[in-house]
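*Asks:* Structure in structure tokens, see below.
The values are calculated or read from the model by the stated rules, or taken from the named source; none is laboratory data. Bear in mind the structure is a predicted one, so any value in this text is a computation, not a measurement. Quick reminder, even Gly has a Cβ in these numbers, built from the backbone with ideal geometry, and neighbours come from all protein chains shown. Surface areas here come from the heavy atoms of the whole protein model, side chains and all, with no ligands, DNA or RNA. Shrake-Rupley method; radii C 1.70, N 1.55, O 1.52, S 1.80 Å.
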Amino acid sequence: MTDTVTQGVAQRRELIAFRIGDQEFCVDIMSVREIRGWAPATPLPRTPSFVKGVINLRGAVLPIIDLGARLGLNTSEPTARHVIMVVHIGERTIGLLVDAVSDIINMSDDLVQPTPDVASDQVKTFVKGLFALDGRMVSLIALDRVLPETEAEAA
Amino acid sequence: MDPFESIKATFFQECEELLTDMESGLLAMEQGDDDSETINAVFRAVHSVKGGAGAFGLEELIRFAHVFETVLDEMRSGKLHLTDEVAKVLLRASDVLADHVAAARSGGSVDEGRTVGMIADLQGLIDQDRAAELGLNEDGDTSAVEEDFGFVPVVLSLDEPAADAPEVDVAALMAAAAAPPEVPTADGAGTAGAPFWRVTFRPKAEMYAKANEAALVLRELARLGDVEVALDASAVPPLDQLSAEQAYLTWTIRLSGDKSEAEVREVFEFVEDDCDLEVTREGEAVAEISEPSFAADEDASASAVEAAAAAPLDLDALLARVSTPPAEPAAPTAPAPEPVAAAPLPAATPPAQDPARLDVAGLIALAEKASQDHAQTQSTPAKAEPKADQKAEARAAAGPATAATPTIRVDLDRVDRLINAVGELVIQQAMLSQRVFESGLARSSDVALGLEDLELLTREIQDSVMAIRAQPVKSVFQRMPRLVREVADMVGKKVRLVMDGENTEVDKTVIERLSDPITHMLRNAIDHGLETPEEREAGGKAAEGTVRLAALHRGGRIVIEVQDDGRGINRPRVRGIAVAKGLIAEDAVLSDDEIDNLIFLPGFSTADVVSDISGRGVGMDVVKRSIQALGGRISITSEPGKGSKFSMSLPLTLAVLDGMVVSAADQTLVAPLSNIVESLTPRAEDVHLIGGRDAVICIRDTFVPLIDVGVALGFRDTPLPPASGVAVLVESEGGGKAALLVEAIQGQRQVVIKSLEANYQHIHGVAAATILGDGRVALILDVDALVTTSRRKAPRIEKRMAV
């Protein structure tokens, strides 16, 4: 269910755009299951700081990743105005904590530009590409990198 | 899956059921039950396995099943008597048969030597001449097997008898009539003078009541060789005296060819008890036979049709009779000799030349007359109807021996989804009630009352859903007799296994994991617990030892007990070994109970000689660990000279856990109750520091590590002052004890286990998560990990780590 932008020919796709701080990002709409308001999470021990904890999503235990922190942005404590995007990553379902969901974008793959070399490695890991939209820059997020991959990394 | 494979899968599923039936029958026989019904049940099971195997060309399975079946057949016909020895051989044969089925299923092969040995043993049961006659020494005569498609009886036994039987019969009859197999020409050319079999076949009413079909039997017989069939319908009374449920017809069949008597009888095996059957070998007097044969001067195909249709003829007469008053219920009248309701038979009105036809004509005439008398005809079916009902009931009552209550096979996934959804429903319902209560609505308001009803309903749904997954422990227990036999053989002891509470139900996930510990405990009981027969006799006990395996429900848990009447635990010796292996100090003071429980220590083995079965010293501690992994406990009680009893108690399900809800560092956590020994409020003077951070607590003069849960999980940096919290004494699977320091105990609750790994990953110190009544997620502590971490003094991992 993850993005296949880089391999596709000029395919049209729908993306969900969201804001973290003053930056704009987007993910493929097909990987988003639902969007819900922030609810206090139960913190998990021995986890990286970007893992906010777990919440109850209709009986499933859903880990919440603070996407801003994951990308190395400055984040503040979540408030009721923050939203959680519930996304599928492979077999897993996780919640991404973002500031706000802003738009649904319909665009074609060939408009995506590769991430320029100026970005740090950490950002390049998660940002698959960039594109311009009405004079704004939107970064396309690679979801499969968002979760800490192994326990070792988490520790 | 291609259709053939799926049929094959069904066959193996059926095989499993058949093998189970067979084994329970054999076990009954071992207890001395030589009732023909039991023997027949076993025979049918083996035969059906063989029949199915024939359809799939599973040669090795067929060959073995054939020998097995032949021996059973000898028994059934009373030529072989049930003795202890015979029962034992048969039981072992059943094990080999199960192996064959398993091998056929997985595509593997069976130990050839074992099979050959078993076949020799089986043949040893019947004397050699008979064996030769029965064709046992040939390489499994598969030809007979393949023709004999043994699936039919299985299917029928599962059907609702009354409703479906006629349909089945009609189809079969039509087939029989439409495609006469190799039914011979009437004059039996070339067979005159040659020896032949004369078979007299007189079905009884019971045979029809069991939905058996004479025509099918005759057709089957026709495959063995040239047959001439004669129907003697002289016993059919006039219609007004005819009882719908009686059998009046007799067939005489002349079968030529060089088949053995066993092969001829095999055709009748499913109906043998419900008919009079004579099979005689005759070498001359052909003419005598042909006399009553109506087929003598007709052409071949007509005779074939009639052979198949002979029985239904009088039914047609009946139909003719009932057709006049149409309001009359035809079906109850129909189950005359043949339960073929409205079969429009091609051979319905041939010229009446033989006794049967004449009679039919008479019947028709009678029927026409009778139909004019309305009152009379009405009374007949009125009588017949309740009878038919009774018959159906009787059939249904006779069925359950083989056919259990109707069941469906459901994917476990679907059930799990349902269980999840219901779990969420319960949580949601609890949250809703809490909200309504908080909103200040009166308790007697409609909303509150409605919610109460909803709560009752949700509980009921939850219980029923959990019951879906619950299964009797029988599926595990039934594998045990074989194990006991094998182990007993290997160690040369005589063992009787008594099983109790096989129908105790427990969650499927638990059942799957019961098998290993039970196996271990049984082996242990036989190998270590029981004495040899000589020792037992010397000790004034019966030479045969008894091992009792029981399951029962107690306090919301399932308890499995394995009890033997052997020598009991030799405490001085156990103690000596423990000291020698350095497991306990030489001067340790231990109670009897504590000594008994030493056998659960890792690396402990009392057997002087390491045997194949047990005694590698990994036995009981493995059992204990696997049981604790399931949230269970195991204990032993023993009395020297009288035996010992292991009992393990397990939760009824792995989806739900009994937990103690505690709070630590503002977090709500759940500790599995199975780990908890006791809880206490520590006094400041009992807590001692070793070094800077690590604390121990003195509980009744024993020092155990004190683990601050909030700090161990990284929720807090500074430890809680011991005196302001509660210490929960826990025991880990490895037997290590520790005290967990928490802020408060909130209570004890059953919680639904939710996996963390499903969406995230494993976290050290956390076993799983659960959802509490307020809808928030709480973590379930992994007590083992906490205890071992503290013991290894592993560097603590701080929570806030850079990426």
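*Asks:* Please give the FRET efficiency for B:Thr532 paired with B:Phe12, using the beta carbon to beta carbon distance and R0 = 51 Å, rounded to the nearest 0.05.
*Replies:* 0.80
*Asks:* With a 1.4 Å probe and all protein chains in place, put B:Arg485, A:Arg70 in order of accessible area, largest first.
*Replies:* Sorted descending by solvent-accessible area, the residues read B:Arg485, A:Arg70.
*Asks:* How far apart, in nm, are two points set 7 Å out from the Cα along the Cα-to-Cβ line at A:Glu34 and at B:Glu678?
*Replies:* Those two pseudo-labels are separated by 4.8 nm.
*Asks:* Find which of B:Ala442, B:Leu418, B:Gln462 sits farthest along the positive direction of the dipole of segment B:412-471, computed with +1 on the beta-carbon of Lys and Arg, -1 on that of Asp and Glu, about the Cα centre.
*Replies:* Among B:Ala442, B:Leu418, B:Gln462, the one farthest towards the positive end of the dipole of segment B:412-471 is B:Leu418.
*Asks:* Let me cross-check A:Arg46: its accessible surface, 1.4 Å probe, with only protein heavy atoms counted, in Å² to the nearest 10?
*Replies:* A:Arg46 has an accessible surface of roughly 30 Å² with all protein chains in place.
*Asks:* What is the calculated FRET efficiency for B:Val415 to B:Leu456, with r their C-beta to C-beta distance and R₀ = 25 Å, to the nearest 0.05?
*Replies:* FRET efficiency, B:Val415 to B:Leu456: 0.65.
*Asks:* Given labels modelled 7 Å from the Cα in the Cβ direction, how far is it in nm from B:Arg513 to A:Arg12?
*Replies:* Going by the 7 Å Cα→Cβ label model, 5.3 nm.
*Asks:* Please name which of B:Val86, B:Ala103, B:Val116 has its Cα lying farthest along the dipole of segment B:3-140 towards the positive end, using unit charges on Cβ (Lys, Arg +1; Asp, Glu -1) and the Cα centre as origin.
*Replies:* B:Ala103
*Asks:* Hey, any idea what the orientation-averaged projected area of the convex hull of segment B:3-140's Cα atoms comes to, in nm²?
*Replies:* Result: 7.5 nm².
*Asks:* Here's something else I'd like to know. Under Stokes-Einstein, with the Kirkwood radius over Cα pairs standing in for Rh, what whole-number D in µm²/s applies to segment B:416-516 at 37 °C and 0.692 mPa s?
*Replies:* Result for D is 189 µm²/s.
*Asks:* Right, another one. What whole-number value in Å² describes the accessible area per residue of segment B:3-140 for a 1.4 Å probe?
*Replies:* Heavy-atom accessible area per residue stands at 42 Å².
*Asks:* Let me ask something else about it. Report the gain in length on full extension from B:Asp35 to B:Ser106: 0.36 nm times residue separation, minus Cα-Cα distance, nm rounded to one decimal.
*Replies:* Using 0.36 nm per residue and subtracting the Cα-Cα distance, I get 22.0 nm.
*Asks:* Given a cut-off of 18 Å, name the pairs among B:Lys474/B:Lys642; B:Lys50/B:Lys88; B:Lys493/B:Lys541 whose C-alpha atoms lie farther apart than that in the structure shown.
*Replies:* From the list (B:Lys474/B:Lys642; B:Lys50/B:Lys88; B:Lys493/B:Lys541), the Cα-Cα distance tops 18 Å for B:Lys474/B:Lys642; B:Lys50/B:Lys88.
*Asks:* What full-extension length gain, to one decimal in nm, is calculated for B:Glu60 and B:Glu5 as 0.36 nm per residue of separation minus the Cα-Cα distance?
*Replies:* Here the answer is 17.9 nm.
*Asks:* For segment B:473-651, what is the Kirkwood hydrodynamic radius in Å, using each pair of distinct C-alpha atoms?
*Replies:* That comes to 16.6 Å for segment B:473-651.
*Asks:* Follow-up question, since we're still on this one. Buried by at least 50 Å² relative to the chain on its own: which residues of segment B:757-781 qualify, computing accessible area with a 1.4 Å probe on protein heavy atoms?
*Replies:* Relative to the lone chain, where solvent access is computed with a 1.4 Å probe, segment B:757-781 loses at least 50 Å² at B:Asn759, B:Tyr760, B:Gln761, B:Ile763, B:Arg776, B:Val777.
*Asks:* Same structure, new question: Set the Förster radius R0 to 25 Å, insert the Cβ-Cβ distance between A:Thr125 and A:Asn74 as r into 1/(1 + (r/R0)^6), and round the FRET efficiency to 0.05.
*Replies:* 0.85
*Asks:* Note the buried accessible area between A and B here, summed over both chains, with a 1.4 Å probe, in Å² to the nearest 100.
*Replies:* 2800
*Asks:* Peptide A:51-58: average number of partner chain Cβ atoms within 10 Å per residue?
*Replies:* 6
*Asks:* Moving on to the next point. Which percent of Cα-Cα pairs in segment B:518-581 sits in each 5 Å bin, short to long?
*Replies:* 4, 16, 18, 19, 17, 14, 8, 4, 0
*Asks:* Just by accessible area at a 1.4 angstrom probe, what is the order of B:Phe437, A:Phe50 from largest to smallest?
*Replies:* Ranking B:Phe437, A:Phe50 by accessible area, largest first, yields B:Phe437, A:Phe50.
*Asks:* Students often check this: by mean Cβ neighbours within 10 Å, which of B:259-268, A:34-43 ranks highest, and how do the rest follow?
*Replies:* B:259-268, A:34-43
*Asks:* Could you report the accessible area of B:Lys8 in Å², rounded to 10, computed with a 1.4 Å probe on the protein chains as they sit in the structure?
*Replies:* My reading of the accessible area for B:Lys8 is about 40 Å².
*Asks:* If each Cα of segment B:656-802 is one equal point scatterer, what is log10 of I(q)/I(0) from the Debye formula at q = 0.11, 0.14, 0.19 Å⁻¹?
*Replies:* -0.38, -0.63, -1.19
*Asks:* Could you tell me the accessible area of B:Lys581 in Å² (1.4 Å probe, neighbours in place), rounded to the nearest ten?
*Replies:* B:Lys581 has an accessible surface of roughly 110 Å² with all protein chains in place.
*Asks:* Using the C-alpha atoms of segment B:412-471, what convex hull volume per residue, in cubic angstrom, is computed?
*Replies:* Hull volume over Cα atoms, normalised by residue count, gives 59 Å³.
*Asks:* On to the next question. Just to confirm, what accessible area per residue do you get for chain A at 1.4 Å probe, in whole Å²?
*Replies:* 47
*Asks:* Ok, one more. Mind giving me the nanometre distance, one decimal, between the label points for B:Ser260 and B:Leu449, set 7 Å out from Cα along Cα→Cβ?
*Replies:* Placing both labels 7 Å beyond Cα along the Cβ direction yields 8.0 nm.
*Asks:* I'd like the mean, over residues of A:92-101, of how many other protein chain beta carbons sit within 10 Å of each residue's own Cβ.
*Replies:* Partner Cβ neighbours, averaged per residue: 1.
*Asks:* Based on Cα coordinates alone, diagonalise the gyration tensor for chain A, multiply each eigenvalue by 5, take square roots, and list the semi-axes in whole Å, largest first.
*Replies:* For chain A, the ellipsoid semi-axes come out as 25, 17, 16 Å.
*Asks:* Largest first, how would B:Leu97, A:Leu111 line up by accessible area (1.4 Å probe)?
*Replies:* The ranking, largest first, comes out as A:Leu111, B:Leu97.
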